[in-house]
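In what follows, a structure is listed as structure tokens, so that the remarks can point back to it.
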Amino acid sequence: MKKIILLLMLVSASLFAELTNAYLSQQMIDSGLPIVDVRTVGEWKEEGLLKGAIPIEFFNERGKYDLNAFLQELNAKVDTTKPFAIICHTGSRTSMIAPWMSEKLNYKVVNILGGMEYATKGLKMKVYPYKK
């Protein structure tokens, strides 16, 4: 009986949550899908942001994070009832954050594979200076 209840819980959670792993494309940007940049403030200052990206730091320069502060800022800036994407430098951080957001918070999140490295070097996308 416990296994059936657990299975039903997992199936029902998966109906609401959705995780997609995808490389960034111009079509993704043109679609208006919100892109949350979870890199550090230092990375934003040094490397810039994609046009329209929403900078919300997850890990700071020391690797520490404040989950409540992150979620508060995310929910203030993004409609988390709709799909949105997250990006970091190479996709390493987002590969940890995205599944958690999908499974635990039931967000429909797109994990951008390859991160800013792929966007700027592979796709040659233009970046814009970070303005606080």
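The values are calculated or read from the model by the stated rules, or taken from the named source; none is laboratory data. Remember, predicted model here, so these are calculated numbers, not experimental data. Because the Cβ atoms are built from the backbone with ideal geometry, glycine has one as well, and the counts that use them run over all protein chains shown.
Filtering the range 106-117 to residues that are assigned to a helix (DSSP H, G or I) and either modelled with pLDDT under 95 or surrounded by 18 or more Cβ atoms within 10 Å (Cβ to Cβ) (or both) leaves G115, M116.
Annotation note: of E61, E73, the sole residue that is acidic (D, E) and either in a loop (DSSP other than H, G, I, E, B) or loosely packed, with under 13 Cβ neighbours inside 10 Å (or both) is E61. Is it true that some residue in the range 123-132 is closer than 20 Å to G42 by Cβ, surrounded by fewer than 16 Cβ atoms within 10 Å (Cβ to Cβ) and at pLDDT below 95? Yes, the range 123-132 has at least one match.
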